[in-house]
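Novice: Here it is, the structure, as C-alpha cells.
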Ligand SMILES: [Zn+2]
Ligand SMILES: [Zn+2]
C-alpha cells in the first residue's frame with residue numbers, strides 16, 4: 001500500500017502547499033481522503049488519474065477539505081468517466097455537496113452524471129465497507145461550522161491508516177489511531193494550545209498511548225513550517241509518498 005500526499009496544507013495555502021488530499025493505492029484499492037479546493041490541479045500535477053479513484057472520504061465541510069469535489073465531478077463528467085464513484089462523509093453530505101456545486105457552478109447539481117455516483121453519509125463509530133476498504137469514522141472537535149467532523153481509521157489489505165482530520169485534542173483519536181501502520185495527524189501549531197486545532201506538543205503527550213507504527217504530521221501553519229528542519233517526526237510535503 002502507498003499513500004501520496006497530494007496536498008498537506010492548511011486552509012490558507014501556508015508554505016505554498018495545496019489543500020488537504022491524500023491518495024491511497026494498493027493492489028485492490030484506489031481512494032482519496034479529503035478533496036480540498038485545490039485538489040484537482042494538485043492531482044493532475046502528480047499525474048494521478050482521477051478516473052481510477054473509486055472512493056473519496058471527506059472529513060468535514062470546510063473548503064480546504066471538501067470544496068474540490070465540484071471541480072472533480074464536473075471534470076469526470078466532461079472526461080466521460082464511466083467508473084462508479086462513491087463519496088462518503090459526515091451526516092448532511094448529500095445536501096452540502098449540492099450546495100457547494102450550485103455555489104461554484106450554477107445548475108451543476110441538477111446534471112445527471114454519466115457514471116454511477118453514490119453519496120453516503122457515515123455514522124460515527126460504525127464501520128462501513130466500500131469494496132476492499134473498511135472505514136470507521138470517529139467524531140472529533142473542530143468548532144461550530146463545517147461539521148460534523150470525522151477522523152478516520154481505514155483498513156485495507158491488512159494495513160490500517162488513521163487520519164485525525166482537523167481537531168483539537170480529543171480522546172477519540174486514541175481508538176481511531178491506536179497501533180495504526182500510518183497515523184497522519186494535524187500539527188497546526190508547535191506548542192500553542194488553541195480551540196479547534198491540534199498542536200504538536202499536545203499530540204506528543206498522547207503518542208505513547210496511540211503508539212502508531214508511523215506518524216506523519218500535516219496541516220501545518222507557518223509556525224510549524226518554520227520549524228521543519230528541527231522536528232523529531234516526519235512532516236508531510238506535497239507529493240511525498242509513504243509506503244506501508
Ligand atoms: Zn483544514
Ligand atoms: Zn477545518
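Novice: Of all residues in the range 130-146, which are at pLDDT 95 or above, under 20 Å from residue 61 (Cα atoms) and in a loop (DSSP other than H, G, I, E, B)? Spell out how you get there, then give the answer.
Specialist: Initially, the range 130-146 is screened for residues at pLDDT 95 or above, giving 130-143.
In the following step, the residues that additionally are under 20 Å from residue 61 (Cα atoms) were identified as 135-143.
140, 141, 142, 143, listed by residue number.
Novice: Could you list, ordered by first residue, the pairs with Cβ atoms under 6 Å in which the first is in the range 60-80 and within 24 Å of residue 9 (Cα to Cα) and modelled with pLDDT of 95 or more and the second is more than 15 Å from ligand 1 (Cβ to nearest atom) and in a loop (DSSP other than H, G, I, E, B), at least 6 apart or interchain?
Specialist: 70/105
Novice: Has the range 103-114 got at least one residue that is under 29 Å from residue 167 (Cα atoms), within 16 Å of ligand 1 (Cβ to nearest atom) and in contact (Cβ under 8 Å) with a residue 12 or more places away in the chain?
Specialist: For the range 103-114, residues under 29 Å from residue 167 (Cα atoms), within 16 Å of ligand 1 (Cβ to nearest atom) and in contact (Cβ under 8 Å) with a residue 12 or more places away in the chain: absent.
Novice: If you take the residues of the range 168-214 that are within 14 Å of ligand 1 (Cβ to nearest atom) and within 24 Å of residue 4 (Cα to Cα), which of them is surrounded by the fewest Cβ atoms within 10 Å (Cβ to Cβ)?
Specialist: Checked the range 168-214; the qualifying residue surrounded by the fewest Cβ atoms within 10 Å (Cβ to Cβ) is 189.
Novice: Just checking, how many residues over the range 103-129 are assigned to a loop (DSSP other than H, G, I, E, B), more than 22 Å from residue 172 (Cβ to Cβ) and in contact with a strand residue (DSSP E or B) (Cβ under 7 Å, 6 or more places away or on another chain)?
Specialist: Number satisfying all stated conditions: 1.
Novice: Output the number of residues of the range 47-71 satisfying the condition of being buried (at least 17 other Cβ atoms within 10 Å of the Cβ), more than 16 Å from ligand 2 (Cβ to nearest atom) and more than 23 Å from residue 132 (Cα to Cα). Please lay out each step first, then the result.
Specialist: Filtering the range 47-71 down to residues buried (at least 17 other Cβ atoms within 10 Å of the Cβ) leaves 48, 50, 53-62, 64-71.
Remaining after also requiring more than 16 Å from ligand 2 (Cβ to nearest atom): 48, 50, 53-56, 70-71.
Imposing the further condition that a residue be more than 23 Å from residue 132 (Cα to Cα) reduces the set to 70-71.
So the count comes out to 2.
Novice: From 151, 165, grab the single residue that is crowded, with 18+ Cβ neighbours inside 10 Å, within 16 Å of ligand 2 (Cβ to nearest atom) and at positive phi.
Specialist: 165
Quick grid of which residues meet (1) touching a residue at least 60 places away in the same chain (Cβ under 8 Å); (2) over 15 Å from the mean Cα position of the chain (by Cα):
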site: 124; (1), (2): no, yes
site: 130; (1), (2): yes, yes
site: 148; (1), (2): yes, no
site: 159; (1), (2): yes, yes
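Novice: From the list 207, 228, 215, pick out the single residue that is touching a residue at least 24 places away in the same chain (Cβ under 8 Å) and either in contact with a strand residue (DSSP E or B) (Cβ under 9 Å, 6 or more places away or on another chain) or under 29 Å from residue 27 (Cβ atoms) (or both).
Specialist: Numbers: 207 fails: touching a residue at least 24 places away in the same chain (Cβ under 8 Å); 228 fails: touching a residue at least 24 places away in the same chain (Cβ under 8 Å).
When all the criteria are applied, what remains is 215.
Novice: Taking the range 14-40 only, how many residues are away from ligand 2 (no atom under 14 Å from the Cβ), out of contact with any strand residue (DSSP E or B) (no Cβ under 7 Å at 6 or more places or on another chain) and touching a residue at least 24 places away in the same chain (Cβ under 8 Å)?
Specialist: Selection size over the range 14-40: 5.
The values are calculated or read from the model by the stated rules, or taken from the named source; none is laboratory data. Just so it is clear, the model here is predicted, and its values are computed rather than measured. Quick reminder, even Gly has a Cβ in these numbers, built from the backbone with ideal geometry, and neighbours come from all protein chains shown.
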